[in-house]
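The values are calculated or read from the model by the stated rules, or taken from the named source; none is laboratory data. Keep in mind the model is a prediction, meaning the values are calculated, not measured. Ideal geometry is used to build each Cβ from the backbone, glycine not excepted, and the neighbour counts take in all protein chains shown.
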Amino acid sequence: MSRPVFKVLVVGPRNVGKSSLVARHLHDTFEENYVATIGVDMKATTIELPDGTVILSVVDLGGQQSFASLRLSFYQGAHHIILVYDTNDRETFDAIPKWFDGITKGFCFSGGRQLRGSLVANKIDLGEPHAVAEEEGRLLADTISFHFFRTSAKTGENVNEVFVHAASDARESMKVFSAE
Ligand SMILES: Nc1nc2c(ncn2[C@@H]2O[C@H](COP(=O)(O)OP(=O)(O)O)[C@@H](O)[C@H]2O)c(=O)[nH]1
Ligand SMILES: [Mg+2]
């Protein structure tokens, strides 16, 4: 039986932990030393859902401004967007609406497809008080109709949940789509 493949993008400002979340999910590892993602990194992962296996093609997009037009081309056809900020760095949270706008512009709405995604508050292991309160994150997630997660790539808390949700949400979107 063929397995459905869904395209998932991990996006957001630099240094928030995008690549770390992907590495935690894929290899269950964590690296303290920062290595900037140059351009784009693509990985595939298999997710077992209760009603079948799906494959996610995970695109980890470098946050540098010079890659803005490259990013735009990747947004097209994405099934789920994982938008990440650092819960201890307010600037990264304040930048999220701008990122969301960029995604909306690049995303192709053809055929009535909806933009679906998750808003991820990462680095919750760094302790209270966080620069961005949990409630603010939830409110923003509600505003853009994204699912909200609080994660730590360092401890692994909630990381797999994000990818499992992305997989089931992506598949759900296809059901809605094909039912129309
Ligand atoms: N304490 C802590 N540090 C993290 C976490 N996630 C990432 N980092 C660190 O933050 C830095 C940036 O991570 P990286 O994944 O490269 O960010 P990216 O630019 O968004 O891909 C690295 O030094 C990571 O070790 C986390 O959940 N907790
Ligand atoms: Mg990176």
Please state which one of VAL54, VAL59 is more than 11 Å from ligand 2 (Cβ to nearest atom), within 28 Å of PRO97 (Cα to Cα) and either modelled with pLDDT of 90 or more or of a type in the set (Phe, Trp, Tyr) (or both).
VAL59
Taking the conditions exactly as written (within 14 Å of ligand 1 (Cβ to nearest atom) and surrounded by 14 or more Cβ atoms within 10 Å (Cβ to Cβ)), does ALA121 satisfy them or not?
yes
When you scan the stretch 20-32, do you find a residue that is within 15 Å of the chain's Cα centre (by Cα) and within 9 Å of ligand 2 (Cβ to nearest atom), even just one?
yes
Which residue is nearest to ligand 1 (Cβ to nearest atom), if the candidates are limited to the stretch 33-47 and must be at pLDDT 85 or above and either farther than 13 Å from PRO4 by Cβ or in contact with a Phe, Trp or Tyr (Cβ under 7 Å, 6 or more places away or on another chain) (or both)?
ASN33
Only residues that are within 6 Å of ligand 1 (Cβ to nearest atom) and either free of Cβ contacts under 8 Å to residues at least 60 places away in the same chain or at positive phi (or both): list them for the stretch 1-32, please.
ARG14, ASN15, GLY17, SER19, GLU31, GLU32
Please work out which residue is nearest to ligand 2 (Cβ to nearest atom), limiting yourself to the stretch 1-19 and to residues that are within 19 Å of ASP169 (Cα to Cα) and buried (at least 16 other Cβ atoms within 10 Å of the Cβ).
VAL10
Restricting the stretch 143-156 to residues that are in contact with a strand residue (DSSP E or B) (Cβ under 8 Å, 6 or more places away or on another chain) and of a type outside the set (A, V, I, L, M, F, W, C), which is farthest from ligand 2 (Cβ to nearest atom)?
HIS147
Just name the residue that is farthest from ligand 2 (Cβ to nearest atom) out of those in the stretch 33-50 that are of a type in the set (D, E, K, R) and within 23 Å of GLU172 (Cα to Cα).
GLU48
Only listed residue being more than 12 Å from the chain's Cα centre (by Cα) and either modelled with pLDDT of 95 or more or among the aromatic types (Phe, Trp, Tyr) (or both), chosen from ASN122, ASN158
ASN158
Tell me, yes or no, whether the stretch 163-172 has at least one residue that is outside any helix (DSSP H, G or I) and at pLDDT 95 or above.
no
